[in-house]
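The values are calculated or read from the model by the stated rules, or taken from the named source; none is laboratory data. The model shown is predicted, which means the values in this text are computed figures rather than measured ones. Ideal geometry is used to build each Cβ from the backbone, glycine not excepted, and the neighbour counts take in all protein chains shown. Keep in mind that these areas ignore ligands, DNA and RNA; they rest on the heavy atoms of the full protein, side chains included. Shrake-Rupley method; radii C 1.70, N 1.55, O 1.52, S 1.80 Å.
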There are 2 protein chains.
Amino acid sequence: MKRYLIFLVAIICTLSFKVNAEQQAKWIYYPGDFDIWLCKELSLKRTERNQAYPTMWRLDPAYGIVVFKKQISLDKPENASIWVDGKYYIQTNKHGIFYDYDPQNFELPAGDYELSVCVENYQTVPSILFKSKSYVSDNTWIANSRNNDDVSASSWIFTEPSLPPSTYKLATTPIEAQTVKNEGDGVLIDFGKNTFAFPVLNGLKGSGQVQLYYGESKEEALAKKLAETYDIITVNNPVAKNDTLPTKAFRYILVVKDPSVSFDKISALYEYLPVEYKGTFSCSDPLINDIYNTSMYTFHLATRECHIDGIKRDRWVWSGDALQSYLMNFYTFFDEDVNTRTLWGLRGHDPVTTHINTILDYSFYWMIGIYYHYLYTGDASFIKQIYPRMLGTMNFCLNRLNENGLAEGLPGDWVFIDWAPIDKEGEVSFEQLLLIQSLKAMMECAEIAQDHATKEKMQKLYDSKKKEFNRIFWSDDKKAFLHSRIDGKLTDYATRYTNMFAILFNMVDQTKKQEIKESVILNDSILQITTPYMKFYELAALCEIGEQAKVLKFVKDYWGGMLERGATTFWEAFDPTAPEDKHYEMYGRPFGKSLCHAWGANPVYLFGRYFLGVYPTASGYKEYIIEPNLGGLKWMKGTVPTPEGVISVEMNTKKIGVTTTANTGGILKFKSKRTPKVNQGTLIKGDNNEYTLKLDKANSYYEVLYK
Amino acid sequence: MKRYLIFLVAIICTLSFKVNAEQQAKWIYYPGDFDIWLCKELSLKRTERNQAYPTMWRLDPAYGIVVFKKQISLDKPENASIWVDGKYYIQTNKHGIFYDYDPQNFELPAGDYELSVCVENYQTVPSILFKSKSYVSDNTWIANSRNNDDVSASSWIFTEPSLPPSTYKLATTPIEAQTVKNEGDGVLIDFGKNTFAFPVLNGLKGSGQVQLYYGESKEEALAKKLAETYDIITVNNPVAKNDTLPTKAFRYILVVKDPSVSFDKISALYEYLPVEYKGTFSCSDPLINDIYNTSMYTFHLATRECHIDGIKRDRWVWSGDALQSYLMNFYTFFDEDVNTRTLWGLRGHDPVTTHINTILDYSFYWMIGIYYHYLYTGDASFIKQIYPRMLGTMNFCLNRLNENGLAEGLPGDWVFIDWAPIDKEGEVSFEQLLLIQSLKAMMECAEIAQDHATKEKMQKLYDSKKKEFNRIFWSDDKKAFLHSRIDGKLTDYATRYTNMFAILFNMVDQTKKQEIKESVILNDSILQITTPYMKFYELAALCEIGEQAKVLKFVKDYWGGMLERGATTFWEAFDPTAPEDKHYEMYGRPFGKSLCHAWGANPVYLFGRYFLGVYPTASGYKEYIIEPNLGGLKWMKGTVPTPEGVISVEMNTKKIGVTTTANTGGILKFKSKRTPKVNQGTLIKGDNNEYTLKLDKANSYYEVLYK
């Protein structure tokens, strides 16, 4: 009997080490390294007036040598195949190195041993695909980057032997010019709307030069060498052929060529991240619908290998911009991968020697962004993988606190906050608020990573920093948080930043919230916010205090103003009062302004988050709230994606309709002057005509008639 | 008057910022990055039986983005030219980015500003060459690797615009086979001696396969796929052409080819580091002269882009092997650059996540090696550049000390010491000794880098660790340092390692030195050293205690034994008692043993250091001692290089002749039974017939007649 038992145990043990033979073999790589490599490649594509323009921060390549390991246990030898992106050798801790074998058909010996594949690839991403009857490469394998760091390998969508991760490309589709006309010594081609594409010169023939000047506006293309991007190519084609140029952002292309060169036409290959438009919004106001749709297109253009700031410029990944993009993503595509690619890419490898993007605020936004990603997606495995890097970044930040334990810019740190003319010296209250919120993010993530000592440490720091923040910066006199303290002396004014973030981060009680609302948010004498970047948070804060109607008006004026000026994508900045010939100017260059900027797509977030009113209150929408607010609209309807499908919301002045997903933790909140009628569920009445309805049925339609 | 003064000051200030227009423009790069990149390229060339074989440790590429900066001050614009290895842009903090200019002829504006060139190059080494009338790129420029780290840029021998650092190659010269004869199904080619070269197939024609099996021995080449290296190439040459294969180590090549392929002959391109043989030695014993010359050739083969262990295998840079190579280098080529390339390459960039080569001892050897390099060369600027990395490595080591403050192997650490079957668990006394010597190296280097706080910290640690080391490991009973302590329990035996290093590091007084000599060094019952690696130190220790005659006998037996077996270069290991057919076996492979191994060249150090007896006592030979010792030879003569030229020493049983260099800090030490006669200088008599003669005249010949 005993013998049989042992035999059975042996079988079970063996099975537990093996994966299902039917399971798909995946290309595996060191966690984050595909993302870091892709972000580097993306970030190095920027040119400015035909000059290469590398980033202002360090961009790490993938680790050049990675070892992939797997415990093998086989009763008898079996055939195996391996595909490797890089130079490599295979060995086991029992048999040594494998020599002189056919990689697509070699024998995996019987016995218990560790198989390891050591890969060298300094160009792209060391990665392998392995298949045998009993084993396939997947996340159960170990990866080691020669940093004494055995971790679980990563994989993604790559399963084709001929297509390792380094062959990853966005999708493309041909697009054609809408109009072509002579303009001065060239031809002006209009693609009808701003786009991001590979320009294609079809049937290019002859010998000589062709100049292509790209314009997000007509004026930019016509400005030739003052355009932000252009290509000057030398042609020597005795026989006509097509020439595809590197991706550019443009609506217009001005082509000037030598008479000795000819082409049939110029078309383009639109390049895009394949996503589903899961978040939707439409309403009774056609202008708002136009704004929403243009925002969606704008955001899609800037949602690529990673979240970039703008398609013409910088084509870089900025942590502050990215935070807004994560949030917009949750209300549009719910593409988790572009968020995680961005978060890995921003961080890179150790050592941490500068802040993310060199900006103090941006290290904090990075940590806060990771927590938001978890809150919306519930992806604990990502948190576990990136947690050691979070800890590295937080330790870097904590090591740079000043003698008062406050965040302050040190040499080499850029204290950004906003482009506004504000004082950034000394202890700026806004940076403390971001630090405190980052400590909260660290607490949550340490819990997920089961790093209890750090969790406790972060909790203590969070409590003490929050207390200290309130003690130092709250002014009972101004009923607001003051802007900063320099050399021990508090400034005597408040700015919007700290105060609106205190509301957004839920860092103040109802009393202070009301005080801030009156003394800052609705107080026109406080320095106005002019960048769409900070407008994002200001509009959100206004919604948080129930000012949806005010927000709606602002959106129509501001975004409507851009549409009125012919915008087909939304801009990096817009000043309705600027002279007509100055709209494209920025950073001292006549066409420096990006006309397709992620943060310009702000409305896709606002309408999902604050009009449809959907947001998670527990990770991955296990619990969530819907508090729709028409903000003066006659009706609205839309969808908000979650990991379990989309939540539908429709509302008019009498009725609210909601369709739940597989999640059963939802709550509908609304006001009604008279007792509302519901088609199902139990209604709970609160103060001030407030009602809540528990949405505890999966994939179910709830209807409320209210007044 | 005041006006003129200001004018004069302005001129002086301007001049002080400018370099002499006659000065040579140099390719500049981030300090250490050319070396780190070169070491990576070198280290990745290893193959084993046609398998790629990347290193067992991390190899860093150069930083991918580097900014070069220079303060410019010009009264009027001037023409400038720039050459860049990588993509780049030029900007100033006054004028912004330069667009649309001719890199070889653009205008540097008048005024005071910072010029900066941002270079991206992830393939090789970001570097620039810049020339204008008043400014050239050189070490006065600042380099920044996007790690918040403005440091002085580095340069070396690169001044040609068309030859950036990444084009660096060793020298080559054609060599011909000595004999060619049919052997089985192939042709065996003998180059007469072991070499390192690109094999060249001359006049290769036809279609089919050619197999080349390389052998450091004839047996290896004939073993075909059991040879450590081979190439199998597919030919498809309708017209005959030459094919040059990647470098290999070989004396023999067995060529097996399809009948459909033909070639005229196989020759090779010997690849070598161009060096001068500054150190020389010859004596009355022809066998010793043979041994010395073969050692010199062996060492030259292993002295390349960096100091490698062996030319066939591993072709890697190992810190323990390299320490011996630095020392050998000081008595042969005095090529400072190969030492610094090796030291940079071993260290790479931050973060420090493993020991150097993953070996505990090797981190210590690395720090000790830096100090030796300084002692022999006096190159303080190198110390200042590498000092931050030393500090990083030392901090890594200190952070890994155990709860008793002792060095002990942690998971991921390899405690090597030697290939001998010794216990490496727990607190090994040998590792403590290396730690203590490393603390001394840190003290010295912190002083040079003017890091006084660290110097003081290291001094305190040095004092306390040394005291503790003596207290724990010295046995009054055994009259020796014991081997180790495991779980608080001392081992009851001594090994040679700690005891001989205690003598070499001058860590014991004369009494203990004598005790160790009797109880360990000359005690045959203590575990014998069998590797040439540790023999290096044992023979040195024997010489330190005056046993030159014993050493001479050993050298003749051991190295003579290899020559007897036909060695043309010296081996990684040699056991005179091994069966004849087992000499090439190692690591479980029949031809695993390297037959040209740096540490096999040991005699080049021994004869210069302990027979001619020359060594520095202050950095860069500012002070030095010559204490020649014939060790039983009838006569000897030779030279030892120093930064100020070579010191010549000749000696027979009656006369010592010494020619000094420009250095005036030398002392000649010798014994004479009767009062010696000197041609110049003042003689001082000591105890035991010991005399010293101050060599205080530069470039002068001193002659001593003694008995």
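What would the Debye formula give as log10 I(q)/I(0) at q = 0.04, 0.05 Å⁻¹ for the alpha-carbon point model of the protein assembly as shown, no solvent?
-0.32, -0.49
Given a Förster radius of 60 Å and the C-beta distance between residue A:420 and residue A:167 as r, what FRET efficiency does 1/(1 + (r/R0)^6) yield to the nearest 0.05? Intermediate results must be reported in sequence, preceding the final value.
Values: r = 44 Å, r/R0 = 0.73.
E between residue A:420 and residue A:167, to the nearest 0.05, is 0.85.
How big is region B:601-707 on each of its three principal axes, counting only the C-alpha atoms and giving the largest first in Å?
35, 31, 22
Could you let me know the centre-to-centre spacing of region B:610-636 and region A:377-427, using Cα atoms, in angstrom?
Taking the Cα centre of each part, region B:610-636 and region A:377-427 sit 58 Å apart.
Can you compute 3J(HN,Hα) from phi for each residue in region A:285-294, using the Karplus curve 6.51 cos²θ - 1.76 cosθ + 1.60 with θ = phi - 60°, rounded to whole Hz and x for Gly and Pro?
My calculation for region A:285-294 gives 9, x, 5, 4, 5, 4, 4, 4, 5, 5 Hz in order.
Residues of A:114-121, mean number of Cβ from any other protein chain within 10 Å of their own Cβ, rounded to a whole number? Provide the component values of the computation, followed by the final result.
Working: counts 0, 0, 0, 0, 6, 2, 7, 1.
Counting Cβ atoms of other protein chains within 10 Å of each residue's Cβ and averaging gives 2.
If I stretch the segment between residue B:202 and residue B:450 completely, what's the gain in nm (0.36 nm per residue apart, minus their alpha carbon distance), one decimal?
Numbers: separation 248, 0.36 × 248 = 89.28 nm, distance 5.79 nm.
Using 0.36 nm per residue and subtracting the Cα-Cα distance, I get 83.5 nm.
Ratio to report: Rg/Rh of chain B, with Cα atoms as the point set and Rh obtained by the Kirkwood method; give two decimals. Please list the in-between numbers first.
Numbers: Rg = 28.1 Å, Rh = 28.1 Å.
My calculation puts Rg/Rh at 1.00.
Considering only chain A, pick the residue with its Cβ nearest the axis of the rotation onto chain B, and state the distance in whole Å.
Nearest to the symmetry axis by Cβ: A:351, 2.
Using amide H atoms built in the peptide plane, which far-off residues or other-chain residues are under 5 Å from residue A:617 H to H?
So residue A:617 has HN proximity to A:623, A:624, A:625.
Once fully extended, how much extra length lies between residue A:683 and residue A:557, figured as 0.36 nm per residue of separation less the alpha-carbon to alpha-carbon distance? Please list the in-between numbers first.
Details: separation 126, 0.36 × 126 = 45.36 nm, distance 3.81 nm.
That pair, residue A:683 and residue A:557, stretches by 41.5 nm at full extension.
Order B:556, B:87, most accessible first, counting only protein heavy atoms with a 1.4 angstrom probe. Please list the in-between numbers first.
Working: B:556 70, B:87 115 Å².
Of B:556, B:87, the descending order of accessible area is B:87, B:556.
With Kirkwood's inverse mean 1/r over C-alpha pairs for Rh, give me the Rg to Rh ratio of region B:492-604, two decimals please. Please list the in-between numbers first.
Details: Rg = 15.4 Å, Rh = 15.2 Å.
Rounded to two decimals, Rg/Rh equals 1.01.
Using mean Cβ contacts within 10 Å as the protection proxy, how do B:148-158, B:641-651 order, highest first? Before the final figure, lay out the partial values.
Details: B:148-158: 17.8, B:641-651: 21.0.
Per-residue Cβ counts within 10 Å, averaged per peptide and sorted highest first, yield B:641-651, B:148-158.
So what is the accessible area of region B:104-258 per residue, in Å², with the probe set to 1.4 Å?
Using a 1.4 Å probe on heavy atoms only, each residue of region B:104-258 averages 40 Å².
Could you name every residue in region A:80-94 that has 50 Å² or more less accessible surface in the full protein assembly than in its own chain alone (probe 1.4 Å, ligands and nucleic acids excluded)?
Residues shielded by partner chains are A:89.
Before rounding to the nearest 500, sum -39500 (n - 2.57) across all DSSP H runs of length at least 4 in chain B and divide by the residue total; then give [θ] at 222 nm in deg cm²/dmol. It would help to have the intermediate numbers written out before the result.
Working: 15 runs with 203 residues, N = 707.
The helix-only estimate for chain B comes to -9000 deg cm²/dmol at 222 nm.
Hey, can you rank B:605-611, A:168-174, A:532-538, A:69-75 by average C-beta count inside 10 Å, highest first? Don't skip to the end; give the middle numbers.
Details: B:605-611: 25.3, A:168-174: 12.3, A:532-538: 22.3, A:69-75: 17.7.
Highest-to-lowest ranking by the protection proxy: B:605-611, A:532-538, A:69-75, A:168-174.
If amide hydrogens are placed 1.01 Å from N in the peptide plane, which non-local residues have theirs closer than 5 Å to the one on residue A:127?
A:85
Can you list, shortest first in nanometers, how far residue A:71 lies from the same residue in the other copies, with each label 7 Å from Cα toward Cβ?
Nearest to farthest, the other copies are at 6.2 nm.
From the backbone phi of region B:596-602, what are the Karplus-calculated ³J(HN,Hα) couplings (6.51 cos²θ - 1.76 cosθ + 1.60, θ = phi - 60°) in whole Hz, Gly and Pro given as x?
Result, rounded to whole Hz: 9, 10, 3, 5, x, 8, 1.
Could you check what % of the DSSP bridge pairs in the protein assembly as shown are antiparallel, to the nearest 5? Write down the numbers at each step before the final one.
Values: 254 of 262 bridges.
Roughly 95 percent of the DSSP beta bridges within the protein assembly as shown come out antiparallel.
How many nanometers, to one decimal and shortest first, lie between the label point of residue B:587 and those of its other copies, if labels sit 7 Å from Cα toward Cβ?
Taking the point 7 Å beyond Cα along Cα→Cβ, the inter-copy spacings are 5.1 nm.
Quick one: Cα convex hull volume of region B:364-486, Å³ per residue? If you can, show how the numbers build up before the last one.
Details: hull volume 15.3 nm³, N = 123.
For region B:364-486, the hull spanned by Cα atoms encloses 124 Å³ per residue.
Please report the buried accessible area for the interface of A with B, total over both chains, probe 1.4 Å, in Å² to the nearest 100.
Values: alone 29580 and 29590 Å², together 55620 Å².
Looking at A and B, the buried total is near 3600 Å².
Show me, for region A:141-152, the HN-Hα J-couplings you get by feeding each phi into the Karplus relation (A = 6.51, B = -1.76, C = 1.60, θ = phi - 60°), rounded to Hz, glycine and proline as x.
Couplings: 6, 9, 10, 9, 9, 6, 10, 6, 9, 5, 9, 5 Hz.
Taking every residue in B:54-61, how many Cβ atoms of other protein chains lie within 10 Å of its Cβ, on average?
Numbers: counts 15, 5, 4, 4, 7, 6, 3, 3.
Across the residues of B:54-61, the mean count of other-chain Cβ atoms within 10 Å is 6.
How much of the accessible area of the protein assembly as shown, in percent, comes from carbon and sulfur atoms when a 1.4 Å probe is used? Can you show the working numbers first?
Numbers: 27610 of 55620 Å².
Carbon and sulfur together cover 50 percent of it.
If you build the convex hull over the alpha carbons only and average its shadow over all orientations, what do you get for region B:177-295? Give it in nm² to one decimal.
Numbers: hull surface 35.1 nm².
So the mean shadow area of the Cα hull is 8.8 nm².
Which value in nm describes the separation of the simple spin-label points at residue B:107 and residue B:477, placed 7 Å from the Cα toward the beta carbon?
Roughly 8.8 nm, to one decimal.
Cut-off under 22 Å on the C-alpha distance; same-chain residues fewer than 8 positions from residue A:241 excluded. Which lysines are left, in chain and number order?
The qualifying lysines are A:205, A:257, A:265.
Starting from the Cα of residue B:278, draw a straight line to each of the lysines and keep only those under 18 Å, dropping any in the same chain fewer than 8 residues away.
Partners within reach: B:637.
Need one value for A:353-364: mean number of C-beta atoms belonging to other chains within 10 Å of its residues' C-beta atoms. Present the calculation step by step, with values, prior to reporting the outcome.
Details: counts 7, 4, 1, 0, 0, 2, 0, 0, 0, 0, 0, 0.
Whole-number average of other-chain Cβ neighbours for A:353-364 is 1.
Translational D (Stokes-Einstein, µm²/s) of region A:96-255 at 25 °C and 0.890 mPa s when Rh comes from the Kirkwood sum over C-alpha pairs?
In µm²/s, the coefficient is 119.
Inter-copy label distances at residue A:156, 7 Å along the Cα→beta-carbon direction, one decimal in nm, shortest first?
3.7
Would you please give the FRET efficiency between residue A:94 and residue A:233, computed as 1/(1 + (r/R0)^6) with r the Cβ-Cβ distance and R0 = 41 Å, to the nearest 0.05? Walk me through the numbers on the way to the answer.
Numbers: r = 57 Å, r/R0 = 1.40.
Efficiency computed from Cβ-Cβ geometry: 0.10.
Straight-line reach from residue A:133: which lysines fall under 18 Å, measuring Cα to Cα and dropping same-chain residues less than 8 apart?
List returned: A:18, A:26, A:69, A:70, A:76.
Pairs B:556/B:673; A:87/A:169; B:622/B:694: which are spaced more than 21 Å apart, C-alpha to C-alpha?
Details: B:556/B:673 29 Å; A:87/A:169 23 Å; B:622/B:694 13 Å.
Long pairs (Cα-Cα over 21 Å): B:556/B:673; A:87/A:169.
Could you list which residues have their amide H under 5 Å from that of residue A:78, counting only those 5 or more apart in sequence or on another chain, with H placed in the peptide plane?
It is A:108, by chain and number.
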